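Beneath this line is the structure, given in structure tokens, with notes to follow.
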Amino acid sequence: MPTVQKSLRMPEKVIKEIEELAKKSRKDFTTVANELLEEAIKVNRCPGIVFTEGVSGKRARIGGTGIEVWEVIATYRSVDKDFKRLKKSYHWLTEQQLRAALGYYKLYTKEIDAIIAENEGWAPDEVQKRYPLLAAG
């Protein structure tokens, strides 16, 4: 993505926080600041969606749950995009929570599609090849 240089004044406290996050993540200041800004924009555009760190990095989740947006979208596809069936599949979630996931997907389709494709690529033989200690023996 092309970048544009802008001057930005930030409180010293914010700069220190970003520097600390950069140090911990072994990333540079600009990368961390951009990631935080992008995340803030997504959260602002999609109320009910939060970002949490997981084994695969930060991912969009439904707030108050451990459920990632891609999981809801994969289920939605598997029930032929029938919202009533999706609600039954996630009966413990509110309609607003499910709609937040669908809304996030509408705005960030490529991101979610890439995660789904990656997860669909985990065939049993691939798991066994990458993690031989998990193989039944």
Members of region 108-135 found to be within 28 Å of ILE62 (Cβ to Cβ) and not in a helix (DSSP H, G or I), listed by number: TYR108, GLY121, TRP122, ALA123
Members of region 28-64 that are part of a loop (DSSP other than H, G, I, E, B) and either open to solvent by 60 Å² or more (accessible area, probe 1.4 Å) or at pLDDT below 95 (or both): ASP28, PRO47, VAL55, SER56, GLY64
Members of region 10-27 that are closer than 16 Å to GLY57 by Cα and loosely packed, with under 10 Cβ neighbours inside 10 Å: LYS24, ARG26
Test set (1) small (Gly, Ala, Ser); (2) part of a loop (DSSP other than H, G, I, E, B); (3) open to solvent by less than 100 Å² (accessible area, probe 1.4 Å) - SER7 fails condition number: (3)
Which numbered condition TYR104 misses (of (1) open to solvent by 20 Å² or more (accessible area, probe 1.4 Å); (2) under 17 Å from GLU39 (Cβ atoms); (3) not β-branched (Val, Ile, Thr)): (1)
Matching residues in region 82-94 - criterion: being assigned to a helix (DSSP H, G or I) and exposed (fewer than 12 other Cβ atoms within 10 Å of the Cβ): LYS84, LYS88
Pair list, Cβ < 8 Å and 6+ apart or interchain, from region 95-107 residues that are under 15 Å from LYS84 (Cα atoms) and assigned to a helix (DSSP H, G or I) to residues that are modelled with pLDDT of 95 or more and of a type in the set (D, E, K, R): GLU95/LYS87; LEU98/LYS87
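The values are calculated or read from the model by the stated rules, or taken from the named source; none is laboratory data. Predicted model, so just to flag it, every value in this text is computed and none were measured. Quick reminder, even Gly has a Cβ in these numbers, built from the backbone with ideal geometry, and neighbours come from all protein chains shown. These area figures cover heavy atoms from the full protein model, side chains too; ligands, DNA and RNA do not enter into them. Shrake-Rupley method; radii C 1.70, N 1.55, O 1.52, S 1.80 Å.
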